[in-house]
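Here the structure comes first, spelled out in structure tokens, and everything after it is commentary.
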Amino acid sequence: MTRPKPEPVQVIKQRRDAALHALVNGVPYIQFLGVEFDRRGDELTAILPYADKLIGNPILPALHGGGTAAFLEITAIIELAWAALWEDMEAGRLDPATLHPSHLPRLPKTIDFTVDYLRSGLPRDAYARARINRSGRRYASVHVEAWQDNRSRLFAQATGHFLMPERGA
């Protein structure tokens, strides 16, 4: 018995990138803030490119706290949704070619979200990564860390709890 020839790595990468692109483009607020995602395997890094509209205190200048919180919450929600999509793609239950913003799986809903502002966000690009602490059928807990120039020097972190959508809904 012969095994089928594996797909080329580039085809797999394109399929995964297309799925992430469809997921991110399905949320208009992500486009409004300009948040982008860099994918390396199953790991996502959110990027908030600097824009003048993100400044909350022009005297300092510092990033707006609401923009920072939104950036962290977006990172957590996309990480949860991406983890579910990744699992479905790798198991063959989802064809990324059929993903379109109108046919995307529902996103997790925020139950609560606590942000710790550790220092002022400077007028430059920001980065964030989320770590899923627990994810079950109904509930998930996520921790997010954001930094600018130095990953070990966080400017904000957050913990959120989310209601997970029903599978297949």
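For this structure, a couple of remarks:
- Annotation note: of F162, F155, the sole residue that is part of a strand (DSSP E or B), touching a Pro at 6+ places or on another chain (Cβ under 8 Å) and either aromatic (F, W, Y) or at pLDDT below 95 (or both) is F162.
- Residue satisfying condition, being charged (D, E, K, R) and in contact with a Leu (Cβ under 6 Å, 6 or more places away or on another chain), within set D88, D42: D88
- Condition check for L104 on (1) at pLDDT below 95; (2) touching a His at 6+ places or on another chain (Cβ under 6 Å): one failure, at (2).
- Selected residue (only one of D112, D95 is of a type in the set (D, E, K, R) and at pLDDT 90 or above): D112
- Taken as a whole, the condition of being polar (S, T, N, Q) and surrounded by 15 or more Cβ atoms within 10 Å (Cβ to Cβ) applies to S141.
- Filtered by the rule that a residue be among the basic types (K, R) and free of Cβ contacts under 8 Å to residues at least 60 places away in the same chain, region 117-151 gives R119, R131, R134, R137, R138, R151.
- If the condition is being polar (S, T, N, Q) and under 17 Å from the mean Cα position of the chain (by Cα), then region 133-154 contributes N133, S135, S141, Q148.
- When region 130-152 is filtered for residues that are closer than 11 Å to I77 by Cα and either in contact with a helix residue (DSSP H, G or I) (Cβ under 7 Å, 6 or more places away or on another chain) or part of a loop (DSSP other than H, G, I, E, B) (or both), the ones remaining, listed by number, are A130, I132, A140, V142, V144.
- Condition met for A83 (in a helix (DSSP H, G or I), surrounded by fewer than 20 Cβ atoms within 10 Å (Cβ to Cβ) and small (G, A, S)): yes
The values are calculated or read from the model by the stated rules, or taken from the named source; none is laboratory data. Just so we're clear, the structure is a prediction, and the values are computed from it rather than from any experiment. Ideal geometry is used to build each Cβ from the backbone, glycine not excepted, and the neighbour counts take in all protein chains shown.
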